[in-house]
Structures are given as structure tokens and as C-alpha cells.
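Everything on this sheet refers to the single structure shown next.
What follows is calculated from the coordinates using simple rules that are stated; it is not laboratory data. In this text, all values refer to a predicted model and were calculated from it rather than measured experimentally. Quick reminder, even Gly has a Cβ in these numbers, built from the backbone with ideal geometry, and neighbours come from all protein chains shown.
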Amino acid sequence: MGAFSVPGAVPVISWTSLVVRYQNAAAVKNLLGPWRPPQWSQGSSAQLYSLTVAKIVTVNEVQPTTVNTVINGVPNPTSPTGTQTLFGSQRQSAENVTYFFDAVLRVEHRQDLVRTEHPVQSGASIVDHAYLRPARVILEIGMSDAMGSFTAGQFTSSVSRSISAYQTLLDLQNSRVPLTLSTRLNQYSNMLIESIGAVEDVRTRFAGKFQVVFSQIMVATIATKTVTARPDQTDTTNEGVKQPITPPATIQSLPGLGSFPGFGGGSTSGHGASGSW
């Protein structure tokens, strides 16, 4: 990086040396303005790594209502007349927020495949199936308090950008919302932040160096199938109208039925019915 000319100060050879000399990144930013890499002027194509999350935004639906109170057909002079703004129901919508970091120092991709093994009496184990394990990505990022954000207004919630970036990562981890991680080699969906590590030393006084471990979650799909439209409840099933039917005379005149209860007045006693069948 070229040297800076600061009024009333000796030339320095780098931005870091300037920050260390003034011992205050905010003072340097006020003096020279936040530094932005030249390639950032190319837009999002200059960023190879990003983190996208869907955030829920609550919007209050405003409905203007005309107020004109009338009592018994006569306007009430003590009641306000005009248009007032009344807040109705709240509407929630999801919008994607993409975070860009100042520097990506190291990325480690991990994608494993597992084979199922079934031992047999002799010979090698039998493999009849294989499946992919969830992807795992380790991202080492750097944040500088003397730089400007790639996206305006990002990482401004704390006293410095490095602290704001660290708090943002903690909030994303605590929310447990699936993320989309875009890298130079691949784009990973349904990622969760498994762990966050931060290293502080003499070189990170006005910066931050974080190690973020992402792990992918597998989302299962469930299919439902209707077997029958008839409800499986006896009490609610329409069984029709039940009415007693008198047997015809030809049935009643059959031999042996006259002594059966209901077909001739006979009764049962002892080991069987009276009469013969």
C-alpha cells in the first residue's frame, strides 16, 4: 500500500502503521475516511464469500379512517372530526440479508461419504448402500475497524466494526436459522453456525480475527397420502335406517319353527328349546 501524507505528521508506509501511530482507528477514519479496497467498486462480483440469512420483518399495516361521530342524527361538537391513522394488524414478511466480510484468510471444505458395511461369514463386508454426510466448512475471516463496510450500514451496531461483526455472528448462531454460505468453490444451503472462535493479540487491537465452523443440516421431506375419504369413526358413519321386518308366511310355516321363540310362542328351558327343529 502506498504512503499517506498526513498534515503535521511524518509519512507512514501503511494504513496499519497509521492506526498504530494514532492509537485510534476512529480518528484515522475521521482524518482520511474509511478505506475501501479498489476492487469493491465492481459490486457484488468482487466478493467471493458471503453469508445470507432470511430475516423476519414485522410491518404495521396502517389504515386511514374517517371519524365523524353523530348522536341521534346530530354531529357531536365535542368529538373530533377528520381523518385519523389507525394501526391494524401486523404483517410479517421474510427478506434476505447478505453479509460481506473484509477478508477471508482461510477456508476449509469437508464433504464425506459413508458406506454401509454388513459383515458376512467369510470374505469382505458387503456394501449395499452409501450416503453423503452433511457438509462442513471452516471459515477464517478478518475484520478491520479502519475499513468501510462493503454494504452501507452493515456492522455499525457496536462501538467498532470488529465487535459488531462478532456480535452479528453470535446472533446468527443463537437464532438457529439456516444460512446460505457462498464460497469460491461451492454454495452451501441449510448451514448452521456450529462454533465461533476469536483470537485476540497485539495485532487485533483495532481488528478482529474469527474462525467460524459451519455444518449442514439435512431436511427431510414428508409425503402424506389419503387412503380413504370415509372417517374412521363408527359414531359418525351413516349406517342407514334400521326397521324390523316380519318374515313372510312361507318362512313361518316351516317345520320346527313354530316352537322357536318369536315364531310360535315357544320358550327355551333346560338344555335346549322346547319342541323339535
Pull out the extension gain between residue 241 and residue 124, defined as 0.36 nm times the separation in residues minus the alpha carbon to alpha carbon distance; nm, one decimal. 35.2 nm
Going residue by residue through the range 94-100, the Karplus relation 6.51 cos²θ - 1.76 cosθ + 1.60 with θ = phi - 60° gives ³J(HN,Hα) values, rounded to whole Hz and with x marking Gly or Pro, of 9, 9, 7, 10, 10, 9, 10
For residue 198, enumerate residues with amide H under 5 Å from its amide H, sequence gap 5+ or separate chain, H modeled in the peptide plane. 211
Hey, with R₀ at 41 Å, roughly what FRET efficiency would residue 105 and residue 224 work out to, going by the Cβ-Cβ distance, to 0.05? 0.30
Pair residue 52, residue 250: separation of 7 Å Cα→Cβ label points (nm): 8.2
What distance in nm separates the two pseudo spin-label positions at residue 113 and residue 132, each 7 Å out from Cα along the beta-carbon direction? 1.1
Hz values of 3J(HN,Hα) by residue in the range 105-110 - Karplus curve (6.51, -1.76, 1.60), Gly and Pro given as x: 8, 7, 9, 10, 9, 9
Would you list which aspartates and glutamates come within 16 Å of residue 55, measuring only between C-alpha atoms, while excluding same-chain residues fewer than 8 positions from it? 95, 171
Per-residue HN-Hα couplings for the range 180-197 [Karplus 6.51, -1.76, 1.60; θ = phi - 60°; Hz; x = Gly/Pro]: 10, 9, 9, 10, 5, 8, 7, 10, 10, 10, 6, 9, 10, 7, 7, 8, 10, x
Of the peptides 217-223, 94-100, 159-165, 109-115, how do they stack up when ordered by the mean number of other Cβ atoms within 10 Å, highest first? 159-165, 94-100, 109-115, 217-223
